[in-house]
Amino acid sequence: MFHASNQSDKPKYYALIEFPYPSGQGLHVGHPRSYTALDIVARKRRMQGYNVLYPIGWDAFGLPTENFAIKNHVHPKLVTAQNIARFKQQLLSLGISFDWFREINTTDPQYYKWTQWIFLKLFEHGLAYKKEMAVNWCTSCKCVLANEEVVNGGCERCGSEVVRKTKSQWMLKITEYAQRLIDDLELVDYPDRVKAQQRNWIGRSTGVQAKFATTAGDTVEIYTTRPDTMYGATYMVISPEHPLLKVWQDKLSNIEEILAYQEAASKKSDFERTEVAKEKTGVELKGVRAINPLTQKEIPIFVSDYVLVSYGTGAIMAVPGHDTRDWEFAKKFHLPIVEVVKGGNVEQEPFTENQNGTMVNSDILNGLTVAEAKKKITAYLEEKGIGYAKVNFKLRDWVFSRQRYWGEPIPIVHCDQCGHVAVPLEQLPLELPEVDSYEPTDNGESPLAKMTEWVNTVCPKCGGPARRETDTMPQWAGSSWYFLRYMDPHNQEALASPQALQYWAPVDWYNGGMEHTTLHLLYSRFWNKFLYDVGIAASKEPYAKRTSHGMILGENGEKMSKSRGNVVNPDDIIREYGADTMRLYEMFIGDFEKAAPWSTASIKGCRRFLERFWNLQELMTAEEELSPQLESAFHRAVKKIGEDVETLKFNTAIAALMALLNDIYDCGAVTKGELRLFTVLLNLFAPHICEEVWERAQLGDGMVCRQQWPAYDESKCIDKTIEIAVQVCGKVRCRLEVAADIDAAHAIAAAKASEKIAAELAGKQIVKEIYVPGKLVNIVAK
RNA sequence: GCCUGAGUGGCGGAAUUGGUAGACGCACAGGACUUAAAAUCCUGCGAGAUUCAACCCUCGUGCCGGUUCAAGUCCGGCCUUAGGCACCA
């Protein structure tokens, strides 16, 4: 019924919500908050003459389905199909104007064929690579997690402990796009908090990478954001995993102690390692020392787990006078602390302030400000060949392998002769084979590894024996490009036709949850940028505008969950109050962008409002015009509702409709023209009842949702008379009814003429008279 | 520690650029209708003092201070709280 065409004379509008994961629990009351909001926008755009694309689909790969399948010995395909059927029926009952002709499903081979195709493109461009590395391993899911999926050292999904494990993994080089992912935030309209969170996650820092010579005759590279403090570097720290330890092992007299420390560090979980309040530990290397390139002094080298191997060079110069961690470490190990920036007392506490401060004890830098010193020393280090300016990011490459069944197979073949070879494009989709058991294997491999017939294949390159990759892709794969598939969902030849991609891109308005800011939102921006670079996606950024809805909490103000017993089932609400009431309530519940507690008691108000609207039919007169008493109220309402929908203020838009309805009841009658206009306005929020009233009261041809969005007349938004406040010295003393177009002189005169004000001013001298048009008069008197 | 937000009645929440604080709704109280209840309709509903009653008055948007004729809104300093990041050099 709401079918978007890829060819139209109308301007296009692409509204998008995050497609749901069809879980076994069915729709959550949180889903409709987002869907109804953009449904309102989509409906308004259609009425405003746009060709609107508002699609829906299913992000259906994932662990809960797989776990359910394991437990109940059913194929996840079947579980998925059942869940989708339930979700679909629930969404249909809400009357969301999705384009169901474009429904997609990430687990459909015709869909994941293109997910695999994109992976091979990434592989072809060197952005997908396999690497032996320490990864985050969820002990409960028996699966590798991306950094983005680890929350407080626990699994984002199940909360279980995450440990480090060395495994060979497929990685995606998202770091290649780090700078552009930051820069291009300038091109899009996202909430500041979303942009800030993404920048924070990517974590750009500027500094210097420099070489420190050692007494072993080689060098250690360090990274620092404070090259200005290099004269104060009194020791050096390398991470326990640093490769130089192996190189130096024969020279180190305390190698046993170091290896023991290394061993202990490797056993710690992520959670333990990143615990903040932890006391610093470490071991000094006996036998190798470094040389501060500026002071030429020999300084000790320590190994400590407060330096991470995965960031920078895995080694730092330690400046205890001006870094909190170095200071703590120096105090514990009684290392010298040298002040190089004046302003604090470095014996008492580190002086980390880097705005104001003058360099001291720093030879060529003495007397400079920190900023000047940074510039000068960077140039100096470059000139001497000691170091160079370098930008670093906290963002790591994306661990893309999962050792699970229910995901897209990674279309790669391992050949002893040719290495990693792409499955030829014409063999896509590489479908998931049937397996007997979906359980991961004991050694942490995917259940696919047991499918020897499937695993053993021939190399596409040399024809020799080869093995298929048995890892699958993470759940994020399918959702990283789905907005492109919607543009042309049935295309067999390409992920979408160039014309469709050109026509619809970018998504004009994308609404979703804050929880996806550093996961899905970042991943899909990355994929879109890559696809843009290879000439497929038509816009640099996938989403022109992003908004975020707040969570709907339980009645007790806590997050809804089964264990808390505060879950509200949308089916129950729809059954008892109807879909329109449900939609209206979720939009009226509060500020759209903030979390709001559910209140079943408050729903009644929305239901009552709709009943009062329904009963207007009995008050309807045959007149077409707006009645003089209500004309300005209607014009104001059209204006307000139009504006509020654009700024996500659905709650006040509905309040305006309620106020307008109260005004109509005060008049005791409604003209046909008024009811028509009211129905048109309300139809965005409550489509079912409005279509019904539209037809029964014979308000017009066709359906309400096909009408034009009404215009308002600015000049008619104003009443003939208005009430202004009269203040004396800023305190309201009375209110006056005056003509709306009254000028300052007359307004002030009218104010003074009132008995109350005259009495108030008696015997006082007027100092100042202020008139704020349409608002108030303020008389200042002594 | 750093980065974002947010603190307003019994409750959810309103309040362009500083300009009548509490829109709209819920709950509650009183009344009408009814044999009765539900539903519906009408009225009231921040706190305090005063009054037979009403008007009027005083206070009031987390706390302290400031700017202004005028501050929920702007500035400075705190407190509390939610979300994100975090031994990131």
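Of all DSSP beta bridges located in chain A, what percent are antiparallel, nearest 5?
Given both bridge residues lie in chain A, the antiparallel proportion sits at roughly 75 percent.
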| field | Spread of Cα-to-Cα distances over 5 Å intervals beginning at zero, given as percent, for the stretch A:84-238 | value | 2, 6, 8, 8, 12, 17, 18, 13, 6, 3, 2, 2, 2, 1, 0, 0
| query | By the gyration tensor of its Cα atoms, with a ≥ b ≥ c the square roots of the eigenvalues, what is the shape of the stretch A:441-591: rounded for a/c under 1.5, prolate for a/b over b/c, or oblate? | reply | oblate
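How big is the antiparallel share of DSSP beta bridges in the stretch A:1-156, given as a percent to the nearest 5?
Working: 5 of 11 bridges.
Approximately 45 percent, going by the DSSP bridge assignments.
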| said: I need the shape label for the stretch A:674-782. Rule: rounded when a/c is under 1.5, else prolate if a/b > b/c, else oblate, with a, b, c from the alpha carbon gyration tensor. | reply: prolate
| task | Mind pulling up the Rg/Rh value for the stretch A:487-556? Radius of gyration and Kirkwood radius, both on Cα. | result | 1.10
| request: Using only the Cα atoms of the stretch A:477-520, each taken as one equal point scatterer with no solvent, compute I(q) by the Debye sum, divide by I(0), and report log10 of the ratio at q = 0.14, 0.21, 0.22, 0.32 Å⁻¹. | output: -0.39, -0.75, -0.80, -1.17
| task | Take each of the peptides A:594-607, A:624-637, A:39-52, A:467-480, average the number of other beta-carbon atoms within 10 Å over its residues, and list them starting from the highest. | result | A:467-480, A:39-52, A:624-637, A:594-607
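Normalise the Cα radius of gyration of chain A by 2.2 N^0.38 Å (N = residues in it) and let me know the number.
For chain A, the normalised Cα radius of gyration is 1.21.
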| said: Using the Kirkwood formula on the Cα atoms of the stretch A:187-291, what hydrodynamic radius do you get, in angstrom to one decimal? | reply: 16.9 Å
| query | Measuring from label point to label point, each 7 Å out along Cα→Cβ, what is the A:Thr139 to A:Ser602 span in nm? | reply | 4.2 nm
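Just list whichever of A:Lys461/A:Lys529; A:Lys10/A:Lys540; A:Lys173/A:Lys540; A:Lys342/A:Lys375; A:Lys131/A:Lys211; A:Lys77/A:Lys167 have alpha carbons separated by over 21 Å in the model shown.
A:Lys461/A:Lys529; A:Lys10/A:Lys540; A:Lys131/A:Lys211; A:Lys77/A:Lys167
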| query | Going by average Cβ neighbours within 10 Å, how do the peptides A:579-586, A:448-455 rank, with the highest at the top? | reply | A:579-586, A:448-455
| field | Global form of the stretch A:657-731, assessed from the alpha-carbon gyration tensor, a/c cut-off 1.5 | value | prolate
| query | Taking a point 7 angstrom from the Cα of A:Asp250 along the C-beta vector, which residues in the stretch A:207-229 have backbone N less than 15 Å away? | reply | A:216-218
| Under 17 Å Cα-Cα from A:Lys756, which lysines qualify once same-chain neighbours fewer than 8 residues away are excluded? | A:Lys731, A:Lys764, A:Lys782
| said: On a full-extension model of 0.36 nm per residue, what is the gain between A:Thr281 and A:Glu643, subtracting their alpha-carbon distance, rounded to one decimal in nm? | reply: 124.4 nm
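Once the other residues with Cβ under 15 Å from the Cβ of A:Val188 are scored (Lys, Arg +1; Asp, Glu -1), what is the net sum? Write out the running numbers ahead of the final one.
Values: positive: A:Arg180, A:Arg193, A:Lys195, A:Arg199, A:Arg525, A:Lys529, A:Lys540, A:Lys545, A:Arg546; negative: A:Asp183, A:Asp184, A:Glu186, A:Asp189, A:Asp192, A:Asp508, A:Glu541.
Neighbour charge sum, excluding A:Val188 itself: +2.
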| field | DSSP beta bridge pairing in the stretch A:714-782, given as percent antiparallel to the nearest 5 | value | 80 percent
| note | Once A:Glu353 and A:Glu257 are pulled to full extension, the length gained, defined as 0.36 nm per residue separation minus their Cα-Cα distance, is 30.9 nm
| task | Could you rank the peptides A:4-10, A:289-295, A:367-373 by their average count of other C-beta atoms within 10 Å per residue, with the highest value first? | result | A:289-295, A:367-373, A:4-10
| said: Please compare each pair in A:Lys88/A:Lys640; A:Lys142/A:Lys195; A:Lys559/A:Lys594; A:Lys251/A:Lys394; A:Lys195/A:Lys594 to a cut-off of 23 Å on the Cα-Cα distance and tell me which ones are over it. | reply: A:Lys88/A:Lys640; A:Lys142/A:Lys195; A:Lys251/A:Lys394
| remark: Cα-based Rg then Dmax for the stretch A:279-348, in Å, read 12.5, 36
| note | What helix-only [θ] at 222 nm does chain A give? Using -39500 (n - 2.57) per DSSP H run of at least 4, over all residues, to the nearest 500, the answer is -10500 deg cm²/dmol
| field | Charge context of A:Lys131, other residues only, Cβ under 12 angstrom, K/R +1, D/E -1 | value | +2
| field | Sorted by Cβ neighbour density within 10 Å, fewest at the top, the residues A:Trp58, A:Trp248 | value | A:Trp248, A:Trp58
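Since every read-out is calculated from the coordinates, none of them should be taken as a lab result. The shown structure was predicted, so the numbers you read here are calculated from the model rather than taken from an experiment. All Cβ positions, even for glycine, are placed from backbone atoms using ideal geometry, and neighbour counts span all protein chains on display.
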